[in-house]
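Have a look at the structure below before the remarks.
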Amino acid sequence: ELMGGTTGSITLIVPPHFDTAATRFAKLEHEHQRLSNEHECANSNNELLKKEVDRMSAENDRFKANNDKLESEVNRLGGEVDKLAGENEKFAANNAKLEANVNR
């Protein structure tokens with residue numbers, strides 16, 4: 001027997017660098033299985049990450065739409081404030097005239 005073991009009363013010792021093809025094949029098969037399992041885990045993680053990215057993208061789109069609405073509202077209110085400030089200046093000028101007339 002060449003793979004190590006007992007033949008009658010003689011035990012053959014096979015040093016590691018004399019691994020048989022079958023032993024090397026078994027080791028490679030084991031490594032292949034380990035890498036396959038690792039690959040499956042990575043694929044699962046990628047799927048989860050992709051779902052999370054999609055969810056966050058959708059959320060981001062909602063935020064953007066909301067921000068656009070808020071921005072247009074801010075612009076509208078800015079115009080309103082400018083209009084009121086203009087009216088306020090007219091009132092102030094009018095008040096100054098009235099006050100001058102009253103003091104005469």
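The values are calculated or read from the model by the stated rules, or taken from the named source; none is laboratory data. Just so it is clear, the model here is predicted, and its values are computed rather than measured. Quick reminder, even Gly has a Cβ in these numbers, built from the backbone with ideal geometry, and neighbours come from all protein chains shown.
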With respect to N88, determine if the residue is without any contact (Cβ under 8 Å) to a residue 24 or more places away in the chain, surrounded by 10 or more Cβ atoms within 10 Å (Cβ to Cβ), over 41 Å from the mean Cα position of the chain (by Cα) and assigned to a helix (DSSP H, G or I).
-> yes
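R34: at pLDDT below 90, part of a helix (DSSP H, G or I) and among the basic types (K, R), yes or no?
On the way: at pLDDT below 90: no; part of a helix (DSSP H, G or I): yes; among the basic types (K, R): yes.
Spelling it out, it is not the case that R34 is at pLDDT below 90, part of a helix (DSSP H, G or I) and among the basic types (K, R).
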